[in-house]
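Engineer: Can you read through this structure? Questions will come right after.
Bear in mind these aren't lab numbers, they're just calculated from the coordinates by the rules spelled out. Being a predicted model, the structure only gives us computed values, none of them experimental. Glycine also receives a Cβ, built like all others from the backbone with ideal geometry; neighbour counts cover every protein chain displayed.
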Amino acid sequence: MTTEVRSRRPLPEAPSTGPTDATASSEGGAARVQWGSRLGFVLSAVGSAVGFGSIARFPMNAANNGGAAFVLLYAGIMLLVGVPLMVAEFSLGRTAQRNAVGAFSVLTGERRTRWRYAGLLYVGMAAFFLSWYAGVSGWVLRYAFVSPTGAYFSDPDTYFLQASEGGDALFWHFLVLLLTLAIVTGKISKGIERLNLVLMPTLFLIVIGLAVYALTLDGVAEGYRFYLEPEWSAITLGVVIAAVGQAFFSLSLGQGAMMTYASYLPQRQSLAGNALTVAVSTLTFALVAGFMVFPLLAAFGLLGTGQAGLGLIFGPLPRAFAAMGPTVGPVIGTLFFSAAFFAAFTSAVSLIEPAIAYVSEEFGIDRRRAATLMTLIIYTAGIPVALDTRLLDLEGGVLTDVLVILGGLLIALFVGWRTPARIARARMDSGVGLKLSWYIFPLVRWVLPGALGVLLFFTIAGSPCGLSGGEEAEGLVGVLFGVDGLGCDGT
Ligand code: PHE
């Protein structure tokens, strides 16, 4: 098999620096664009990773599930599951230098391999994800725009209802996708890379700035306690499962997004080094986001309002900004919502790229046309969500968890079992720098398929109360068909 023989030899090196898109010869012989710099790639991958998962979902998860105990568990899961899977996913894209579907043909050496369906699943999942993710990003963009005037200060709840449904939501949703289109029609180094080189440092600065500002307010100690006070008994198997799901979602794994970004990576880059950098940056950002959010809420007595995930952004936080008064409120509100939008937008961009790469490379359609076509399809798919937010609970909730875990499982199976060990490890280790396949490969082969299989089962069937600390978590089956998951007394 040509590919496998090739991978045993040193992989072809491609120019890795330079301001313009360097071309590398891919297996198909077509010229292909690449990242302009390592920093550009890393920031773009961090841009994909840092999104609602870090700014809202992680802090709430930590606060609700054991505080510092959850943070430690989560950091462990990132190293044990997140980084290995990221290296595995990177290795597929980087070796193949192809979109998520074509990559499997290149990697297996079989043009019509069934694994192409896995690739199609990635492209479809990322596009489906974006259909609701762009909608929520639209709400955030609107809040960023109106924060200077404090439009939502007098009645945050009514304002949110208006912003999140119907024509208003459709308008801002469309705007986000138009912006996404504008970025992705450019070449990789001029579009996506430049965007992330600017937005990611800005985002970090804003969030750190807000966390420092929060320190100056009165009564914030309660916020830190609410966030991090360790409660070891809170860590049940159900929480572990939730933490793995959170890590996957947050690191953008199993969607073809990281695979596609890595396909623009020169062969000489170390995958393990890059994956560690991305994971540590994402974790750090998520931690700091908690240091920003909870003291802000504590200072205005808004802690513990029972909001999970996204609800945090549109419920208690706008109330806190309103409580800051007409001078400070608009400033802090604008900074916060701009940061949240930057986080979401850079993730949205990574969610459309798998589809564009696929359509343009496999069907020979020019990138601009492919991007326009995908934007229209994704917008249309998002319309029902804008009309009925209950759909969002399903699509952005348990359905997303199921798909993310399924995506990760397929990568683990392909790398751990479909690819001969020596080749899989060579693909992970090629490049100058850190080589971790001795640690990662056994995990991908022996631990991840089983762990992700169990996780997938519970996410579909619902987890029994013994697993989730007395509460039965509803699975996909429960949500879709209204039947109970695996209940506490076997019901
Ligand atoms: N990681 C993003 C977030 O935390 C979501 C995402 C998932 C983006 C998968 C791209 C791919 O919000």
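Engineer: Short version: ³J(HN,Hα) in whole Hz for each residue of the range 100-110, in order, from phi by Karplus 6.51 cos²θ - 1.76 cosθ + 1.60 (θ = phi - 60°), x for Gly and Pro, what are they?
Structural biologist: So the Karplus estimates, Gly and Pro as x, are 4, 7, x, 4, 5, 5, 4, 6, 8, x, 10 Hz.
Engineer: Let me ask something additional. Could you state the angle between the C-alpha long axis of helix 83-96 and the longest principal axis of the C-alpha atoms of the chain, as a value from 0 to 90 degrees rounded to the nearest 10?
Structural biologist: 40 degrees
Engineer: Shifting gears a bit: Hey, what number do you get for the chain at 222 nm if only DSSP H runs of n ≥ 4 count, each worth -39500 (n - 2.57), divided across all residues, to the nearest 500?
Structural biologist: After summing the helix terms and dividing by the residues of the chain, the value is -21000 deg cm²/dmol.
Engineer: Quick one: which residues, 5 or more positions from residue 32 or on another chain, have an amide H under 5 Å from its amide H? H modelled 1.01 Å from N in the peptide plane, none for Pro or chain starts.
Structural biologist: Result for residue 32 returns 24, 26.
Engineer: Once phi is turned into ³J(HN,Hα) by the Karplus curve 6.51 cos²θ - 1.76 cosθ + 1.60 with θ = phi - 60°, what whole-Hz value does each residue of the range 295-303 show in order, with x for glycine and proline?
Structural biologist: Rounded to whole hertz, the list is x, 4, 5, 4, 4, 10, x, 10, 5.
Engineer: If one takes the longest principal axis of the Cα atoms in the chain, at what angle in degrees, from 0 to 90 and to the nearest 10, does the Cα axis of helix 448-461 lie?
Structural biologist: The angle comes out at about 40 degrees.
Engineer: By count of other Cβ within 10 Å, fewest leading, how are 86, 125 ordered?
Structural biologist: Exposure proxy ranking, most exposed first: 125, 86.
Engineer: For the range 50-133, just say rounded, prolate or oblate: build the C-alpha gyration tensor, square-root its eigenvalues into a ≥ b ≥ c, call rounded for a/c under 1.5, and beyond that prolate if a/b exceeds b/c, oblate if not.
Structural biologist: In terms of gyration-tensor shape, prolate.
Engineer: Not counting the cut sites, what is the longest span of the chain without trypsin sites (Lys or Arg not before Pro) that DSSP labels loop and that have at most 14 other Cβ atoms within 10 Å?
Structural biologist: 115-491
Engineer: Which ³J(HN,Hα) values in Hz, rounded to whole numbers, follow from the phi angles of the range 192-199 under the Karplus curve 6.51 cos²θ - 1.76 cosθ + 1.60, where θ = phi - 60° and Gly and Pro get x?
Structural biologist: 4, 5, 5, 4, 6, 4, 8, 6
Engineer: Looking at 356, 339, 104, which one has the Cα that reaches farthest to the positive end of the dipole of the chain (charges on Cβ: Lys, Arg +1; Asp, Glu -1)?
Structural biologist: 104
Engineer: Related question: Using a/c under 1.5 as the rounded threshold, could you call the chain rounded, prolate or oblate? The axes a ≥ b ≥ c are square roots of the C-alpha gyration tensor eigenvalues, and prolate needs a/b larger than b/c, oblate otherwise.
Structural biologist: Prolate shape, in that a/c is at least 1.5 and a/b is the bigger ratio.
Engineer: Please give the length that would be gained between residue 417 and residue 373 if that part of the chain were fully extended, namely 0.36 nm times their separation in residues minus their C-alpha to C-alpha distance (nm, one decimal).
Structural biologist: Length gained, residue 417 through residue 373: 12.3 nm.
Engineer: Obtain the nm distance between the two label points defined at residue 394 and residue 381 by a simple spin-label model: each point lies 7 Å from its Cα along the Cα-to-C-beta direction.
Structural biologist: About 1.6 nm, to one decimal.
Engineer: Could you give the angle, 0 to 90 degrees to the nearest 10, between helix 237-250's Cα long axis and the longest principal axis of the Cα atoms of the chain?
Structural biologist: 70 degrees
Engineer: Less than 15 Å Cβ to Cβ from residue 319, Lys/Arg counted +1 and Asp/Glu -1: what total charge do the surrounding residues give?
Structural biologist: Charge balance near residue 319 sits at -2.
Engineer: If the chain between residue 218 and residue 447 were fully stretched, how many nm would it gain, using 0.36 nm times the residue separation less the Cα-Cα distance?
Structural biologist: Fully extending the segment from residue 218 to residue 447 adds 77.7 nm.
Engineer: In nanometres, what is the gap between the two model label sites at residue 432 and residue 39, each 7 Å from Cα along Cα-to-Cβ?
Structural biologist: That separation, rounded to one decimal, is 1.8 nm.
Engineer: In nanometres, what is the gap between the two model label sites at residue 280 and residue 149, each 7 Å from Cα along Cα-to-Cβ?
Structural biologist: Spacing of the two 7 Å Cα→Cβ label points: 4.6 nm.
Engineer: Moving on to the next point. Between residue 171 and residue 439, what is 0.36 nm times their sequence separation minus the Cα-Cα distance? Round to one decimal in nm.
Structural biologist: Additional length available on full extension: 91.7 nm.
Engineer: Then there is this: Name the residues whose placed amide hydrogens come within less than 5 Å of the amide hydrogen of residue 269, ignoring near sequence neighbours (fewer than 5 apart) on the same chain.
Structural biologist: 432
Engineer: Which of rounded, prolate or oblate describes the range 194-248 when judged by the alpha-carbon gyration tensor and an a/c cut-off of 1.5?
Structural biologist: oblate
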